[in-house]
Amino acid sequence: MTVLQIGITAACLLGALWLLVLIARDRRPERWFLTVMAVLELLMLVHLVLGVVRLTGDGADGVATWEYVGYLVGALLVIPAGVIWSSGEPSRGGTAVLLVALLVVPFMFVRLADIWAAGG
Amino acid sequence: MAELSRGFGRLLVFVYGVFALSATGRSTVQLLTKADEAPVPYALSGVAALVYVVATIALATNRRRLALTAVLVELVGVLVVGVTSVLLPEEFADATVWSQFGRGYGFVPLVLPVVGLWWLLRARPSHPEVPRIG
């Protein structure tokens, strides 16, 4: 994984841990948490751009381009999709949607690394 | 009567949605770029994608019977493909979502239809959906 991916993964796991605490205590995330997710999404945008740049560079010859791009775009969409889908659901279920979104992101990083390793 | 996509259902629909999107994307790429390499697994990936899409839409729009059908097909699919991929690994040149009971996805594909079934049967309406008068 790249440095950026490791950083985002750490943030996602910390966020997921916090959401677990909230779910256990039957509380909803406050506004600042949405700000954190917005910052994370900005980082995901940087991640997408860097990923595409990486694909066009040397050493990406055997990498399955479309699968790689698919996961890059998918990873970008997960957090906004989670925020939208959890809004208007003031229950543990809504909070759990955010939790899953944060856990899917690192999983997609692992897939990206697998795809890269299989081709490079 | 609570809708299927409220409360815990919110989470369930999201997980189904993630699988619907990723399975659709994956099988589309597979079928378009290398269908001849492993036709059986890739066709099965396509079927799985379709099942996830139907289940997601049915749960999100509160269509119980359609959701139940999709989840049952999903359960049978993951069990049959899981057993087949373990007994006849040579038939599976490449992995599908359901290979080895979804091991590549942390066995979530195996757990998901069971949870879906539980949710659909648990959240069943306690009285007829069309109230009778008189």
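The values are calculated or read from the model by the stated rules, or taken from the named source; none is laboratory data. As the structure is a computational prediction, the values presented were derived from the model and not from experiment. Please note: Cβ atoms are built from the backbone with ideal geometry, for glycine as well, and neighbour counts cover all protein chains shown. Keep in mind that these areas ignore ligands, DNA and RNA; they rest on the heavy atoms of the full protein, side chains included. Shrake-Rupley method; radii C 1.70, N 1.55, O 1.52, S 1.80 Å.
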Check: Nearest 100 Å², what total accessible surface is buried between chain A and chain B (probe 1.4 Å)?
Finding: 1400
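Got the relative contact order for chain B handy, in percent, Cα pairs under 8 Å and 6 or more residues apart?
Value for chain B: 25 percent.
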Notebook entry, point to check: So what is the relative contact order of chain A, in percent, for Cα pairs below 8 Å that sit 6 or more residues apart?
Noted result: 41
Notebook entry, point to check: How big is the charge dipole of the protein assembly as shown about its Cα centre, in debye rounded to the nearest 20, if each Lys and Arg gets +1 on its Cβ and each Asp and Glu gets -1 on its Cβ?
Noted result: 1240
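Taking only the Cα atoms of segment B:10-61, how large is their convex hull per residue, in Å³?
Cα-based convex hull of segment B:10-61, divided per residue, equals 50 Å³.
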Notebook entry, point to check: Going by the alpha-carbon gyration tensor, a ≥ b ≥ c the square roots of its eigenvalues, is chain B rounded (a/c under 1.5) or, if a/c is not under 1.5, prolate (a/b greater than b/c) versus oblate?
Noted result: prolate
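Taking square-rooted eigenvalues a ≥ b ≥ c of the alpha carbon gyration tensor, is segment A:1-41 rounded, prolate or oblate, where a/c under 1.5 means rounded and, failing that, a/b exceeding b/c means prolate?
Details: a/c = 5.17, a/b = 1.77, b/c = 2.91.
It is oblate, given that a/c is not under 1.5 and a/b is not larger than b/c.
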Margin query: Roughly how far apart, in whole Å, are the Cα centres of segment B:1-25 and segment B:73-123?
Written below: 17
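Show me the helices of chain B, taken as full DSSP H stretches, that run 27 Å or more along their long axis by Cα and average -0.5 or above in Kyte-Doolittle hydropathy. List each step's numbers first, then the result.
Numbers: long enough: B:8-34 (38 Å, 0.93); B:39-60 (31 Å, 1.82); B:64-87 (34 Å, 1.85).
Span-like helices, by this rule, are B:8-34, B:39-60, B:64-87.
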Notebook entry, point to check: Counting only protein heavy atoms and using a 1.4 Å probe, what share of the accessible area of chain A belongs to carbon plus sulfur, as a whole percent?
Noted result: 72
Next item on the list: Report the FRET efficiency, 1/(1 + (r/R0)^6), for residue A:24 and residue B:62, where r is their Cβ-Cβ distance and R0 is 51 Å, rounded to 0.05.
Entry: 0.95
Next item on the list: Would you kindly state the longest site-free stretch of chain B, with sites defined as GluC sites (Glu not before Pro) in a DSSP loop (not H, G, I, E, B) surrounded by at most 16 other Cβ atoms within 10 Å?
Entry: B:38-128
